[in-house]
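Below: the structure, in structure tokens.
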Amino acid sequence: MSARNPEYDFAWCPGCGDFGVRRALEWALEDYTSDHEIPHNNNVIVAGIGCSGNMVHLLEGEQPFGIHGIHGRTLPIAFGIKAGRPELNTVVVAGDGDFLSIGAEHISPAAKRNLDITCVIMDNGVYGLTKGQSSPTTAFGQLTSSTPFGKIEQQLHPLKSYMTMGVSFIASHYSSKPRDLAKFIKMGMDHRGFSIVHVQSPCTTYNDTYDILKGDRKKGIEGTAWIVEDDHDPTSRQAAEDLLERPGVPLGLIYREERPTLEQEQEKVRSAHPGSSPAEVLETYAV
Amino acid sequence: MLREDFVIRFAGEGGQGLVTSADALARAAVHAGYYVQTFSTFPSQIMGGPASSQVRISNRPVLSNGDHVDILVALNEYAYNHHSDDLASDGVTIYNAEEFDLPSGGHYFGIKADELAKSTGNARAANMVTIGAVATLMDFPLTEIDAYITERFTRGRQGDDEIIKANIEAVRLGVGVAEEAGYRVGQLAPANVPGYEQVMITGNAALSLGAFAAGLDFYVGYPISPATTILLWMENNLVGKDRFAYQVASELEAIATLVGAGYAGKKAMTATAGPGISLMGEGLGLAWMAEIPCVVVDVQRGGPATGLPTKSEQSDLLVCLHPAHGDVKMPVLAPGSVEECFYAGALAVNWAERYQGPVMVMSEMGQAERGENIRKPDIGSVKQESRSIYTGNGENGYKRYVSWDGTVPLPPMPLPGGPGAYVANGSEHDEVGDTTHLPDHHIRLTERRFRKLNLLNDAPFEIEGDASVALMPWGSSKGPAREAYDRLKAEGAEISWIYSVALSPLPQAVLDALKKKDLVIVPELNYLGQWSGLLRQEGINAVSITQYTGLPFRPGDLAGQIKQRLKATKKAGATR
């Protein structure tokens, strides 16, 4: 069930990281909408398939538009929306399986186009909805239902991949601090270009990494998450690459680059080539 | 002897200007008031390789590529060896004497077109030397070629006059060679100049223009033969305010992009060939399930897998009807001529808007790339339908996916930015688009999705004659089938004609007519006999005449095969 639809028959597990991400997204949408004085209906959420994709049905408060498509295709769907209607604030919500495995081929083109959309990626290092198979971000050697003898494939480093592919805004965070997370999602929406906010969002059922991320003094576990220092220069590619060489999960803005978006390039083409009507084109075939 | 039509084929190697020559001859003929149809075959490689380009010129509308070649221009020995079998018994070959020689005594003569062209001071006029020789063989009026050349090269540039003079001189040199050789294939009958305005256009361009005329404002595509020319057309023409044309990274990306654009309110289209259709299956299922308007064009080629990328085949029918898993049956329009491509492009866009869902258009390599002079479409009369858009009070959670029994207009679709936020969902859903697995919803919405097809009932069809055996071609086999049918009718054969641009949903009148026939003969370019199989599912006694050579039907072959069927049917009837 959801706040607006008691009949809706999907629920996240208790403690799921996606609850925190949902709250953060709601705040970011509210802030963005009031900041830019746009109607709430100008927000479109493009959801992937997986636990996280269900966020589009679970958002509380005023509803944005949503599209919950097929596995791995959030980015091209968002591309169609944004290329057709550049005024819409288009946000992708997807998990590590959807975005980084079956949908990975779409990241590079979106980055190269600098498509002006924001992606909120919920990374739990596992396929939750299909009950615990390994994903690209599952650790090497980890036991999952599909790697009963340990994963023998290297773990993907999504943030480094985003850097390589030319994503123009990269932030990293985790689900336990929704207020902070909301700030970075809003920052991504404000960024003119392709932005990814990569969020560690643990799966309490199949890959509970809360302790590993946050640490637990009682259990003697030191947390792997660390806050990006104030003096990090996110506009420096070198600084961002150096930062990503450090172990653990950075929390903060990694990289930001200002460059023309696809829409801006498109506008340039349009002003140089205003186009012809169908009747005018027909005349070019006259005999 | 007066003849109504001629087939002239230029054969050689890719890059030798074969298409340019056929095109120049075609345009000169159109200029003179004749009807033409061009056709090219080429290998899937950038340069070289055996290729040919032909034009059929007639004083009546041309329905097919014809049966035989009347005049063969062979630019190398390989071309002569491989095309001379296609020559009519009285056909003549003009061969490239700069490349090879043939022993004396055959129906041929050599020409040194390059050498002769150089003597005019314009080495690029070689194809005009050849055209002069061709014109002589068929007694084509030289004044018309001169007029074409004058028009073609009057471009307001310095030197136009010299180019025109050299080209006309080149034609005369070719005439001289042919006259010296002394051959005549016949005399082209005078033109019946059509009393209407015309355009010279290919199937792919006509389809693109039709969609544009119906208001298409979004196109994405991925290069693939033989659909690439639609992508290029769109990149060149679908520019301007609120219009978008773009080359995407794959067909997977293309279909998902289309769904996004259609959802956001654009009239969106992509074009691909068989391999792309295979990749688009899941995305098309999403468009069907979430009820998103969009148009997908399949310009068929030979399959499966990479198949025959530059050849003719009609083997994608089953996959176009059912590209996706699950309970899905796509609306399919299969235009059967260049002119029909224009109107099918427009109708597909309108259908997608009207029933809020995906529409397939099936063309085919031969039809897509051939040039034809057709009646100039009346752009102003092309209907522009637009989906009904929700303009209500902006309630939270608009019920877009209500049950629909077809007695009231289809409920409007909200657009992002406007009122009525909802979720378009590829999972089964309730009224607002939230996922549900309850049987009631699945039953209700499955029926809604199929019922909407009833809105698509205005595609053109043809039903002629009441003979109990009918010929029913589909798609690009219509032309050769019609030519075969006309010949058989002229011989007094008892056969009737049924044809429908819409293969799904099939118009009720067509279905009724088919059910009344004792036998329906379906010529189609595939091994399985895909359309006749579907007709048999409907309880119709249908058989296919199949061909899977990678080439279109020849009307003469087809007429012969139909005749055999008719004979066999008669015999069976007599013994019954």
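Our coupling estimate for the range A:267-284, obtained by passing each phi through the Karplus curve with A = 6.51, B = -1.76, C = 1.60 and θ = phi - 60°, is 4, 4, 4, 5, 6, 7, 10, x, x, 10, 7, x, 5, 5, 5, 4, 4, 5 Hz, Gly and Pro reported as x.
Considering only A:Ala225, A:Ala110, A:Ala11, the Gaussian network model of chain A with Cα springs below 10 Å gives its largest mean-square fluctuation to A:Ala11.
For the pair B:Ser278 and B:Glu538, the difference between a 0.36 nm per residue extended length and the Cα-Cα distance amounts to 91.0 nm. Here each label is just a point 7 Å from Cα along the line to Cβ, and for B:Lys571 and A:Asp230 those points are 9.9 nm apart.
Based on the Stokes-Einstein relation at 20 °C and a viscosity of 1.002 mPa s, and on the Kirkwood radius from alpha carbon pairs, the range B:388-459 is assigned a translational diffusion coefficient of 164 µm²/s. In the P(r) worked out for the range B:36-77, what percent of Cα pairs fall beyond 18 Å? Distances greater than 18 Å cover 36 percent of the Cα pairs.
From the Cα gyration tensor of the range B:517-573, with a ≥ b ≥ c the square roots of its eigenvalues, which class applies: rounded if a/c is under 1.5, or else prolate if a/b is larger than b/c, or else oblate? Taking the square roots of the gyration eigenvalues as a ≥ b ≥ c, the range B:517-573 is oblate. Peptides A:161-170, B:23-32, B:332-341, B:362-371 ranked from most to least packed by the mean count of surrounding Cβ atoms within 10 Å: B:362-371, B:332-341, B:23-32, A:161-170.
Only the Cβ atoms of Lys and Arg (+1) and of Asp and Glu (-1) were treated as charged; on that basis the dipole of the range B:1-129 about its Cα centre amounts to roughly 480 debye. What does the average come to when, for each residue of peptide B:432-443, you count the partner chain Cβ atoms lying within 10 Å of its Cβ? Other-chain Cβ atoms within 10 Å of each residue's Cβ, averaged: 4.
Where Rh denotes the Kirkwood radius from the mean inverse Cα pair distance, what is Rg over Rh for the range B:78-168? Result: Rg/Rh = 1.04. Were the residues from A:Thr284 through A:Glu258 laid out at 0.36 nm apart, the gain over their Cα-Cα distance would be 5.2 nm. Taken along its principal axes, the alpha carbon cloud of the range B:1-45 reaches lengths of 39, 21, 14 Å, longest axis first.
Computed over the alpha carbons of the range B:295-394, Rg followed by Dmax gives 16.1, 54 Å.
Between the range B:262-340 and the range A:209-262, the alpha-carbon centres lie 45 Å apart. Across the range B:461-575, Cα pairs under 8 Å and at least six residues apart give a relative contact order of 29 percent.
Sequence-distant contacts, meaning Cα pairs under 8 Å at least 6 residues apart, place the relative contact order of the range B:213-259 at 46 percent. Computed over the range A:154-287, the alpha-carbon pair-distance distribution with 5 angstrom bins reads 2, 9, 15, 17, 15, 11, 7, 5, 4, 4, 4, 3, 2, 1, 1, 0, 0, 0, each value a whole percent.
For chain A, the share of alpha carbon pairs falling in successive 10 Å distance bins from zero is 6, 28, 35, 20, 7, 3, 1, 0, 0 percent. Shown here is the pair-distance distribution of the range B:331-386: with all Cα-Cα distances grouped in 5 Å bins from zero up to the longest one, the shares run 4, 18, 27, 22, 17, 9, 2 percent. Could you tell me the center-to-center distance, by alpha carbons, between the range B:381-438 and the range B:547-576 in angstrom? Between the Cα centres of the range B:381-438 and the range B:547-576 lies a distance of 50 Å. For A:Ile221, nonlocal amide neighbours, meaning residues 5 or more places apart or on other chains whose placed amide H falls under 5 Å from its own, are A:Asp216.
Rg and Dmax of the range A:128-187, both derived from C-alpha coordinates alone, stand at 15.0, 42 Å. Pairs of alpha-carbon atoms within less than 8 angstrom and 6+ residues apart define the contacts here; what relative contact order does chain A have, in percent? Relative contact order here is 18 percent. Mean-square fluctuations from a GNM of chain A, with a 10 angstrom spring cutoff on Cα atoms, peak among A:Ser271, A:Ser172, A:Ser195 at A:Ser271. For B:Lys376, give me every one of the lysines with a C-alpha distance below 27 angstrom, ignoring sequence neighbours fewer than eight places off in its own chain. In chain and number order, the partners are B:Lys241, B:Lys267, B:Lys478.
The phi torsions of the range A:14-19, fed into the Karplus equation with coefficients 6.51, -1.76 and 1.60 and a -60° offset, translate into couplings of x, x, 4, x, 5, 4 Hz, rounded to whole numbers, with Gly and Pro shown as x. In chain B, if the dipole is taken from +1 on Lys/Arg beta carbons and -1 on Asp/Glu beta carbons about the Cα centre, which of B:Asn350, B:Leu258, B:Tyr80 is farthest to the positive end? Ranked along the dipole, the leading option is B:Asn350. Per-residue Cβ neighbour counts within 10 Å put A:Leu29, B:Leu321 in the sequence B:Leu321, A:Leu29, beginning with the fewest. Ordering B:Thr228, B:Thr150, B:Thr272, B:Thr407 from the fewest to the most neighbouring beta carbons within 10 Å gives B:Thr407, B:Thr150, B:Thr228, B:Thr272.
Partners of B:Lys165 within straight-line reach, counting lysines whose Cα lies under 23 Å from its Cα and excluding those fewer than 8 residues away in the same chain: B:Lys112, B:Lys118. Using the Kirkwood radius over C-alpha pairs as Rh, can you work out the diffusion coefficient of the protein assembly as shown via Stokes-Einstein at 20 °C, viscosity 1.002 mPa s, in µm² per second? In µm²/s, the coefficient rounds to 71. With the alpha-carbon atoms of the range B:461-575 aligned to their principal axes, the span from lowest to highest coordinate is 35, 34, 23 Å, starting with the largest. Within the listed set A:Lys214, A:Lys151, A:Lys268, the Gaussian network model of chain A (springs between alpha-carbon atoms below 10 Å) gives the highest mean-square fluctuation for A:Lys268. In plain terms, the C-alpha convex hull of the range B:349-418 casts an average shadow of 8.1 nm² when viewed from every direction. Residues within the reach of a label modelled at A:Gln154 (point 7 angstrom out along Cα to beta-carbon, backbone nitrogen below 20 Å), restricted to the range A:109-134, are A:125-126, A:134. Sorting B:Val36, B:Val361 by the number of Cβ atoms found within 10 Å of their own Cβ, with the fewest placed first, yields B:Val36, B:Val361.
Using Cβ point charges alone (K and R +1, D and E -1), the dipole size of the range A:201-287 about the Cα centre works out to roughly 340 debye. With a cut-off of 15 Å, note down the residues of the range A:186-202 whose backbone N falls inside the zone around a label point 7 Å from the Cα of A:Glu30 toward its beta carbon. It comes to A:186, nothing else. Each residue, A:Glu105 and B:Lys165, gets one label point 7 Å from its Cα in the Cβ direction; the gap between the two is 5.9 nm. Partner shielding of B:261-273 amounts to 4, given as the average count of beta-carbon atoms from other chains within 10 Å of each residue beta-carbon.
Annotation: Cα Rg of the range B:2-188 relative to the compact-globule expectation 2.2 N^0.38 Å equals 0.96. With distances taken between every two different alpha-carbon atoms, the range B:117-259 has a Kirkwood hydrodynamic radius of 19.0 Å.
Measuring between their Cα centroids, the range A:51-91 and the range B:67-142 lie 62 Å from each other. Computed over the range B:200-381, the Cα gyration tensor eigenvalues convert (square root of 5λ each) into semi-axes of 21, 20, 15 Å, ordered from largest to smallest. Residues whose amide H lies under 5 Å from that of B:Cys294, counting only those 5 or more places away or on a different chain, are B:Gly357, B:Val359; hydrogens are built 1.01 Å from N in the peptide plane. Which value, in Å to one decimal place, does the Kirkwood hydrodynamic radius take for chain B when every pair of different Cα atoms is included? Result for chain B stands at 25.5 Å.
About the centre of its Cα atoms, the range B:388-459 shows a dipole size close to 160 debye [charges on the beta carbon of Lys, Arg (+1) and Asp, Glu (-1) only; nearest 20 debye].
Neighbouring Cβ atoms from other chains, within 10 Å of the Cβ of residues in B:232-244, number 4 on average.
Readers should treat all values here as calculations from the given coordinates under stated rules, not as data from a laboratory. What you are looking at is a predicted structure, and each value in this text was computed from that prediction instead of being measured. Note: ideal-geometry Cβ built from the backbone for every residue, glycine included; neighbour counts use all protein chains shown.
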